[in-house]
1. Return yes when Gly122 is touching a Pro at 6+ places or on another chain (Cβ under 7 Å), assigned by TED's automatic domain parsing to the domain that holds Glu44 and small (Gly, Ala, Ser) and no when it is not.
2. Could we say that Gly313 is over 20 Å from the mean Cα position of the chain (by Cα), assigned to a loop (DSSP other than H, G, I, E, B) and over 28 Å from Tyr90 (Cβ atoms) here?
3. Are any of the residues in region 145-153 β-branched (Val, Ile, Thr), over 22 Å from the mean Cα position of the chain (by Cα) and at negative phi?
4. Restricting to region 73-108, and then to whatever is over 18 Å from Asp124 (Cβ atoms) and either small (Gly, Ala, Ser) or out of contact with any strand residue (DSSP E or B) (no Cβ under 8 Å at 6 or more places or on another chain) (or both), can you tell me which residue is surrounded by the fewest Cβ atoms within 10 Å (Cβ to Cβ)?
5. Quickly run through region 258-268 and pick out the residues that are part of a loop (DSSP other than H, G, I, E, B) and touching a strand residue (DSSP E or B) at 6+ places or on another chain (Cβ under 9 Å).
6. Please verify whether Pro74 is in contact with a Leu (Cβ under 6 Å, 6 or more places away or on another chain), farther than 30 Å from His220 by Cβ and either of a type in the set (Gly, Ala, Ser) or in contact (Cβ under 8 Å) with a residue 12 or more places away in the chain (or both), treating the condition exactly as stated.
7. Within region 285-337, take every residue that is touching a residue at least 60 places away in the same chain (Cβ under 8 Å), over 19 Å from Ala210 (Cβ atoms) and among the β-branched types (Val, Ile, Thr) and give me the one that is surrounded by the most Cβ atoms within 10 Å (Cβ to Cβ).
8. Looking at this structure, is Gly257 within 26 Å of Thr45 (Cβ to Cβ) and crowded, with 16+ Cβ neighbours inside 10 Å?
Amino acid sequence: MATVPLTSLSHGAGCGCKISAADLRPILAGLARPADPRVLVGSETSDDAGVVRLRDDLAIVQTADFFTPIVDDPYAFGRIAATNALSDVYAMGGEPVCALNLVAFPLATLGEAVLGEILRGGADAAAAAGAAIVGGHSIDDPEPKYGMAVTGTVHPDEILTNAGGRPGDVLVLSKPLGAGTVATAIKRGLADAGLVERGIAVMTTLNATASRQARAAGAHALTDVTGFGLLGHLHELAEASGVAAVLDAAAIPAIEGVLELLEGEGALAGGSKRNRADAESFTAWGDGVPEARRRLAADAMTSGGLLMALPEGRAGEVDGWVVGRLEAGVAGAIRVE
């Protein structure tokens with residue numbers, strides 16, 4: 001098997017390679033919106049997946065997600081990428097059914113064995129989710145990329161979007177942040193084995209249980225936290241819901257070892273810097289919020305947890321961290337205390 005570190009071949013890492021939300025908005029705004037009445041969720045609110053009604057009691061959830069290597073281990077990369085892609089279905093309150101592999105790979109450079117391990121990792125994640133891999137597409141590319149197009153199902157009356165949040169809702173996050181920092185630390189030789197292991201454990205945890213718990217707890221809105229960071233995805237949720245949000249900086253969970261790295265800029269991801277810059281237009285920071293905590297809130301997460309807007313008093317019914325609340329105010333505005 002090739003010994004070239006996968007992360008050395010990528011210009012970024014994981015979801016940190018996303019085109020910034022600020023750059024995407026004007027591009028997407030110029031595209032025609034689907035007029036088909038079967039489309040229940042489109043791109044209007046920057047939600048996690050599209051949803052199309054098939055019958056009165058059945059809708060399909062459709063999403064695609066792929067990215068460059070976030071870790072050097074091929075199997076772990078494949079599993080992380082697949083877990084990340086499957087998450088979008090869970091974020092809509094759905095269940096994954098099947099998936100297609102999306103592969104860009106330098107076969108001559110890395111060899112068949114490395115690609116086989118990436119695909120094996122993806123297959124194991126899909127199997128854990130109960131989703132069948134039914135095909136895929138591959139291209140030759142000097143920069144490796146992997147992910148999936150995933151199809152799921154949901155009852156049309158049980159869709160959870162990012163647009164249902166209400167003033168007074170409690171915000172709960174199901175996974176700690178910091179994967180963008182871990183990935184950058186790996187690329188720059190700043191990550192020890194323990195940090196890598198903890199990061200992989202977070203990124204390979206499916207959001208299946210969190211999604212089911214959110215549904216059972218009567219969640220009003222749901223999204224997953226990935227490349228745009230907690231600030232970016234909360235902004236989308238609050239804006240789509242027509243409310244403002246408040247975050248408790250000290251309550252935001254971090255992968256063990258990440259906050260220490262964020263005391264400096266050595267492991268600060270480029271995607272996280274873009275997220276922070278984008279967030280300045282809608283975020284007000286309390287004077288007492290430490291710089292490391294500000295960086296954490298903008299971390300360009302990969303395969304992050306679900307951010308739930310729950311009715312007040314029901315946060316105890318889900319596993320996670322209470323990180324803030326929604327309130328009446330300017331739609332999409334965030335105050336970090």
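1. On the way: touching a Pro at 6+ places or on another chain (Cβ under 7 Å): no; assigned by TED's automatic domain parsing to the domain that holds Glu44: yes; small (Gly, Ala, Ser): yes.
No; evaluated as a whole, the condition is false for this residue.
2. On the way: over 20 Å from the mean Cα position of the chain (by Cα): yes; assigned to a loop (DSSP other than H, G, I, E, B): yes; over 28 Å from Tyr90 (Cβ atoms): no.
No, not satisfied.
3. Step one: filter region 145-153 for residues β-branched (Val, Ile, Thr), giving 150-151, 153.
Those left that are additionally over 22 Å from the mean Cα position of the chain (by Cα): none.
Scanning region 145-153, I find no residue that is β-branched (Val, Ile, Thr), over 22 Å from the mean Cα position of the chain (by Cα) and at negative phi, so the answer is no.
4. Ala108
5. Leu262
6. Details: in contact with a Leu (Cβ under 6 Å, 6 or more places away or on another chain): no; farther than 30 Å from His220 by Cβ: yes; either of a type in the set (Gly, Ala, Ser) or in contact (Cβ under 8 Å) with a residue 12 or more places away in the chain (or both): yes.
No: the conditions fail for Pro74.
7. My answer is Ile334.
8. Values: within 26 Å of Thr45 (Cβ to Cβ): no; crowded, with 16+ Cβ neighbours inside 10 Å: yes.
So Gly257 fails the test.
The values are calculated or read from the model by the stated rules, or taken from the named source; none is laboratory data. All figures in this text were calculated on a predicted structure; none of them were measured in a lab. Heads up, the Cβs are rebuilt from the backbone with ideal geometry, glycines too, and the neighbour counts pull from every protein chain shown.
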